[in-house]
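The values are calculated or read from the model by the stated rules, or taken from the named source; none is laboratory data. Because the structure is predicted, anything quoted here is derived from the model rather than measured. Neighbour counts are summed over all protein chains in view; Cβ atoms, including those assigned to glycine, are modelled from backbone coordinates with ideal geometry. When the accessible area is computed, the model is the full protein with side chains, heavy atoms only, and any ligands, DNA or RNA have been set aside. Shrake-Rupley method; radii C 1.70, N 1.55, O 1.52, S 1.80 Å.
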Amino acid sequence: MKIGILGAGAMGNAHINGFKSLERQNGTYAAICDVDKTKCDAFAEKYGLRAYYDFDAMLADSEIELVDICLPSFMHEEFAVKAAGAKKHLLVEKPIAFTMEAARNIYAAAEKNGVRIMVAQVLRFWPEYLKIKEIYEAGEIGDIITIYAARLGQMVTWGEWYKDPAKSGETLMNLTLHDIDFLHYMLGKPKSVYSAGTRDKMDNYNDVMNIFKFKNGVNAMVDGSFSMTAGYPFTMRMRVLGTKGTLEFTFISGENIGPESTSSLLMYKPDDGGKKVEVEGYDAYGREIQYFLNCIEKNEPTDAVSKESILTVLSSVIAAKTSLADGRVHEL
């Protein structure tokens, strides 16, 4: 299957680099489209792709069967609907959209035109997060008491649109969404959320803490910030406290995820110091693309990233944003 990337920015690079790192590549990136001619040409030369500066021109390329949408978040609906109308399968970076109406519109366009769609919720493929889910489901740490998840970084420097809340959706939509999504994937839909945050000088809620309560009694704190001090490394954490043990995942990188990243997953059991958990090494961005292509090839549903799960997560994030605004607990 031939793939065209829409957007020559950070996520476009992450997707193609991740896919090319796989031992088995069940598709080929063939084209890049970006309105910035300089960036587009450099991307095309780097990866050996055809360059398009107009999306209609790439959609007219009959060889392209799937469009990998790596645009700024506020542009997802417009271009996903357009690609579906051209009968192209869709891989859409998260968040799928900012509203339930827009998300449903994207899915409806794909269904109307008989094409497949998957949202790139990468933590559902991230090896350490999957190992945490596996260990929990195997009963190795007993029943979960609490979970702490964090995703912390400086305000990104590669896109001014991140600083505009109408275009970025702020921290909840563009950062913390990852952790909220994974908690849904592991535990199901929460029963309530309470969120509190601080507005920055650009009037963004870019430092937010959320408490989710789940139906099984688990309390989860989700901490997200795009307001960390300059020089603070991009950091991901998850601590799962269970009745029989504790899991602690730490990931530290540079300004953003890169080759200099370090990570560890430790499991603590009674009378046993923290031991390193061995985790399979692979690129999660590449693995999610490989999974989607497999589902298309075999005409199988994308159960790991279903439409229903994406809409449920989006509704929870919207509820968290509402809680930020009104300071109340919201039932889900």
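Considering only protein heavy atoms, what is the solvent-accessible area of residue 291 at a probe of 1.4 Å, reported in Å² to the nearest 10? Surface accessible to solvent at residue 291 totals approximately 60 Å². Calculated on C-alpha atoms, the gyration radius of region 24-177 divided by its Kirkwood radius gives an Rg/Rh of 1.02. With every protein chain in place and a 1.4 angstrom probe, the accessible-area ranking of 321, 20, largest first, reads 20, 321.
Taken per residue, the accessible surface of the chain reaches 43 Å², heavy atoms only and a 1.4 Å probe.
Of the GluC sites (Glu not before Pro) in region 117-208, which ones lie in a loop per DSSP and count no more than 16 other C-beta atoms within 10 Å?
In loop regions of region 117-208 (DSSP not H, G, I, E or B), the sparsely surrounded GluC sites (Glu not before Pro) are 140.
Distance between the pseudo-spin-label points of residue 297 and residue 1 (7 Å out from Cα toward the beta carbon): 1.0 nm. Once all protein chains are placed together, residue 191 keeps about 90 Å² accessible to a 1.4 angstrom probe.
Helix 307-326 and the longest principal axis of the C-alpha atoms of the chain enclose an angle of approximately 60°. Relative to the dominant Cα principal axis of the chain, helix 76-85 is inclined by about 50°. Close amide H contacts of residue 94 (hydrogens built in the peptide plane, cut-off under 5 Å, sequence separation of 5 or more or a different chain): 120. Per-residue packing, averaged as other Cβ atoms within 10 Å, sorts the ranges 21-27, 79-85 into the order 79-85, 21-27, beginning with the highest.
In the chain, taking the dipole from charged Cβ atoms about the Cα centre, the farthest positive-side position among 43, 11, 58 is held by 11. Between residue 82 and residue 158, the simple label model (points 7 Å from Cα in the Cβ direction) yields a spacing of 2.2 nm. Its Cα gyration tensor gives region 200-289 an equivalent ellipsoid, and the semi-axes of that ellipsoid, as √(5λ) in whole Å with the largest first, are 26, 21, 14.
In Å³ and rounded to a whole number, note down the convex hull volume per residue for the Cα atoms of the chain.
Output value, Cα hull per residue: 136 Å³.
Quick one: dipole size for region 103-230, taken about the Cα centre, charges +1 on Lys/Arg Cβ and -1 on Asp/Glu Cβ, in debye to the nearest 20.
Approximately 440 debye in magnitude.
Roughly how big is the chain's charge dipole about its Cα centre, with Cβ charges of +1 (Lys, Arg) and -1 (Asp, Glu), in debye to the nearest 20?
Numbers: 37 positive and 45 negative charges, 103 e Å.
With Lys and Arg at +1 and Asp and Glu at -1, about 500 debye.
Taking the accessible area of the chain, probe 1.4 Å, and keeping the other protein chains in place, the carbon and sulfur fraction comes to 50%.
Among 330, 76, the order of accessible area from largest down is 330, 76, computed with a 1.4 Å probe on protein heavy atoms. Using the Cβ-Cβ distance between residue 53 and residue 100 with R0 = 35 Å, the FRET efficiency computed as 1/(1 + (r/R0)^6) comes to roughly 0.60. Once the chain from residue 24 to residue 271 is taken as fully extended at 0.36 nm per residue, the excess over their C-alpha distance is 84.7 nm. The C-alpha atoms of the chain define a longest principal axis, and helix 100-112 lies at about 50 degrees to it.
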